[in-house]
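*Asks:* This structure is in structure tokens; I'll ask about it shortly.
Quick note: the coordinates plus some simple rules give every number you see, no bench work behind them. Bear in mind that the values here come from a model prediction, so they are computed numbers and not experimental data. Positions of Cβ are generated from backbone atoms using ideal geometry, with glycine treated the same way; all protein chains shown enter the neighbour counts.
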Amino acid sequence: MSISPLFRWPNLLNHYINGIRKGDGGCDQASYYKFDDSTYIVTWRELLIDLSFVFVYDLDNKTTTGKGWGNISDTNVMINIPAGANIISLNALNYPLNYIPS
């Protein structure tokens with residue numbers, strides 16, 4: 001899992017879904033909370049639209065589950081977006097023992 005002050009995400013499902021986020025991606029400020037070496041909570045808020053997200057990443061089971069909340073219209077109607085996915089590792093980076101990257 002890439003830990004940085006910014007959360008980067010692509011909408012890889014752009015061939016299967018339509019709507020406001022089709023083909024979109026972003027780089028938003030995020031907060032990370034580590035429970036153990038394989039379980040993280042990641043939170044972020046969209047910069048361009050009024051949405052916030054909380055996700056649990058379970059790296060042992062290769063799954064994510066989470067929720068999004070916000071208002072994406074001019075009607076001031078709050079929405080609740082359940083979400084989740086299976087994790088497919090595309091690459092891995094292992095640092096030498098006791099090495100802390102700066």
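*Asks:* Using the 10 angstrom Cβ neighbour count as an exposure proxy, how do TYR99, TYR33 rank, fewest first?
*Replies:* The order, fewest Cβ neighbours first, is TYR99, TYR33.
*Asks:* Another question, then. What FRET efficiency, computed as 1/(1 + (r/R0)^6) with R0 = 30 Å and r the Cβ-Cβ distance, is obtained for ILE79 and SER31, rounded to the nearest 0.05?
*Replies:* On the way: r = 22 Å, r/R0 = 0.72.
It comes out at approximately 0.85.
*Asks:* So if I place +1 on the C-beta of Lys and Arg and -1 on the C-beta of Asp and Glu, and nothing else carries charge, what would the dipole magnitude of the range 36-78 be about its Cα centre? I want it in debye, nearest 20.
*Replies:* 120
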